[in-house]
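Below is one structure, written out as C-alpha cells; comments come after it.
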Amino acid sequence: MLARVIGLIDKPAEGNLYLLGKNISRLSRSELSSIHNEIGIVFQENYFINEFDLETNIIFPLILKNEKKNDIVQALRELLPWLSLEKVIKEKVYKLSIAELKLAQFARAIIGRPRILLLDNFFKDVDSGIQKKINYLILALKKIGTTVIVFGQSPDDRTVNFNKKYEIYNKNLEER
Amino acid sequence: MNFLKIKFFPSNIEDYLYFCASNIIFIIILLGIIEKKLEKKNINESKSEVMLFIPKVHDDFEEKRDLIFNQLSANNSIISVNKLENKEIKKILSDTLKNIDLSDEIIPEVYDVQVKASKSFDVDIINNKITKIIDGALIDKIGNKESKDFILFFSGIAVLIIIILLNNFFLLKNYLVKIKHYINLSRYFGVDDIIILRNLNIGFFILLTLVFSVSYPIFKTLMDYNFNHVFLNDFIKIYLLTYLIYNSIILTFLSIQCKIYMKNLNIL
C-alpha cells in the first residue's frame, strides 16, 4: 500500500505526501506525470502487457516519451546482460518464468534512470544469485543519485546493502 | 521493434480489423443514401411535379380535351403529358374519400405533366385558357412527393448515424478496456495523458483514412456493377466532406471516451 502511495498510484488516505519537494495533492495531472517520470516502480504482481513481447514491455514507456531510438536500443543493450534476459527478450511475457518477469520489471523500472526506485516485495522469491546481481545494479544506481526504497520482505543483509531500515509499527515508521 | 505499432496501435490486430470492416460497411451505406438523394434532387431540379385535371363533361368531351392538349402543346415549358389510371386516382384520393365509392364516370381525367424547370411556367395563364374550353379544368403544381422523400432521406440518415455512433461507442469502449494495462503502465512511468490521447487519435485517424480509401473503390465498383450508376460530378467533394465530418465525429468520440476512462482508472 505504501509503495503504491509513494509510486503515485493510490492517493494517501490522509495527510500530505511530499515527493521531490512537491505536495502531490496540489499537483495537476501533467505535473503528476512529470513526477511519475522520476519514479521507477517494480510492482508486487507481474504487471505486463500480454500482447507485447518482453522487449516492448521494457521499453514502451520510453517510446511513448519520444526518447531517441538509438538511445533506447543502447540502454537496453547495456542492461540486459546484467539481468541475463538476452535469451528471452523476444518472447511473449506469458511464456516467461516468475523470476524472469521480476527481472524484466526491474529492467523496465530502471531503464528510464529514475531518481526514485520503488521495489514492492521484490526479493520475496528471488534466489541469492539474482539478489547479488540486483545489488550491483542498486549500488550503481545509488552512485548516480537514485534513491532506492524496498518494501516488504527484507533480503539477506549480506547480499543487499541498505542505508536505513524502517518498520511500520503502530501506524508509524520506526527506524530499526 | 515496431515503434509505430507500440505508439499508435497498442491493441490486437483483430480490434482494428473489426473497426475497419464495420466502418467500411457503414460508409458505403451512408454514401449510397447520400448519392441516391442527390441524384433524385438533380432529377427533380430538371422537372417539376405538375398535374392536369379535366372533369368529364357530356358534350363533346374528347374534342374539348384535344383543344386543351393543343393549348398545352403550344407551351414550350411542357415536355410531356401522361394519363393516370382511374385506380391510381382513387388511390391518391382514398384519404379524402375514405370509404365513399366513386363511379368511374365522375372521376376527372388526371394527367401527370412533365415541365422543364429551367423555363418559367405560369399556371394561371394556362388555367385561364383551359377553363374557357372545359369549365373546371385545372392545372396545378404539387410539391408533396418531394417533402415525403426529404423526410424519408433524413430519417434514413438519422437512423444510420445512430447505428454508426452506437457501434463505434461500443467498439471504442471495448478497445479502451483492452488497453487498460497499456494506459496504466504508461501513466505510471511518466507518460502524459495528452500524449496517450494524441497517439490513440493519430492511430484512429490513420485507420479512418485507410477505411475511406478502401471504401471509395468498393463503393464505385458496387454501384457500377449492380446499378450501372453514373456518378455526379461533385461526388468527390461530397466524399471528402463525409470523410472530414466522419473523422471529426469519431475522433471526438474517442477523445471524450478516453478522457472519461482515464479519469476513472485511478485517482492520481
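The values are calculated or read from the model by the stated rules, or taken from the named source; none is laboratory data. Model, not experiment: these values are computed from the prediction. FYI the Cβ positions are ideal-geometry reconstructions off the backbone, even for glycines, and counts take in every protein chain you see. Please note that ligands, DNA and RNA were not included when accessible areas were found on the heavy atoms of the full protein model with its side chains. Shrake-Rupley method; radii C 1.70, N 1.55, O 1.52, S 1.80 Å.
Within the stretch B:1-31, count every residue that is open to solvent by less than 80 Å² (accessible area, probe 1.4 Å), within 19 Å of residue B:209 (Cα to Cα) and either away from chain A (no Cβ under 14 Å) or at pLDDT below 85 (or both).
12
Could you identify the single residue in A:168, A:116 that is over 21 Å from residue A:48 (Cβ atoms) and touching a Gly at 6+ places or on another chain (Cβ under 9 Å)? Spell out the reasoning first.
Details: A:168 fails: touching a Gly at 6+ places or on another chain (Cβ under 9 Å).
Answer to the check: A:116.
For the stretch A:94-111, what are the residues that are crowded, with 19+ Cβ neighbours inside 10 Å and either touching a Cys at 6+ places or on another chain (Cβ under 8 Å) or among the small types (Gly, Ala, Ser) (or both)?
Selection gives A:104, A:107, A:109.
Quick test of your reading of the structure: residue A:161 fulfils all but one of (1) open to solvent by less than 70 Å² (accessible area, probe 1.4 Å); (2) without any contact (Cβ under 8 Å) to a residue 40 or more places away in the chain; (3) polar (S, T, N, Q). Name the failing condition by number.
Condition (1) is where residue A:161 drops out.
Residue check: is residue A:67 among the charged types (D, E, K, R), within 25 Å of residue A:138 (Cα to Cα) and within 9 Å of chain B (Cβ to nearest Cβ)? Before you say what the answer is, go through the steps one by one.
Working: among the charged types (D, E, K, R): yes; within 25 Å of residue A:138 (Cα to Cα): yes; within 9 Å of chain B (Cβ to nearest Cβ): no.
Against the criterion (among the charged types (D, E, K, R), within 25 Å of residue A:138 (Cα to Cα) and within 9 Å of chain B (Cβ to nearest Cβ)), residue A:67 does not qualify.
What are the residues in the stretch A:107-130 that are at pLDDT below 90, within 16 Å of the chain's Cα centre (by Cα) and not in a loop (DSSP other than H, G, I, E, B), if any?
Selection gives A:119, A:120, A:130.
Is it the case that the stretch B:206-213 has a residue that's touching a residue at least 60 places away in the same chain (Cβ under 8 Å), within 14 Å of chain A (Cβ to nearest Cβ) and either open to solvent by less than 80 Å² (accessible area, probe 1.4 Å) or over 14 Å from residue B:23 (Cβ atoms) (or both)?
Among the residues of the stretch B:206-213, not one is touching a residue at least 60 places away in the same chain (Cβ under 8 Å), within 14 Å of chain A (Cβ to nearest Cβ) and either open to solvent by less than 80 Å² (accessible area, probe 1.4 Å) or over 14 Å from residue B:23 (Cβ atoms) (or both), which makes the answer no.
Determine if the stretch B:223-244 includes at least one residue that is in contact with a strand residue (DSSP E or B) (Cβ under 8 Å, 6 or more places away or on another chain) and either within 14 Å of another protein chain (Cβ to nearest Cβ) or loosely packed, with under 15 Cβ neighbours inside 10 Å (or both). Lay out the reasoning, then the answer.
Residues of the stretch B:223-244 in contact with a strand residue (DSSP E or B) (Cβ under 8 Å, 6 or more places away or on another chain): none.
For the stretch B:223-244, residues in contact with a strand residue (DSSP E or B) (Cβ under 8 Å, 6 or more places away or on another chain) and either within 14 Å of another protein chain (Cβ to nearest Cβ) or loosely packed, with under 15 Cβ neighbours inside 10 Å (or both): absent.
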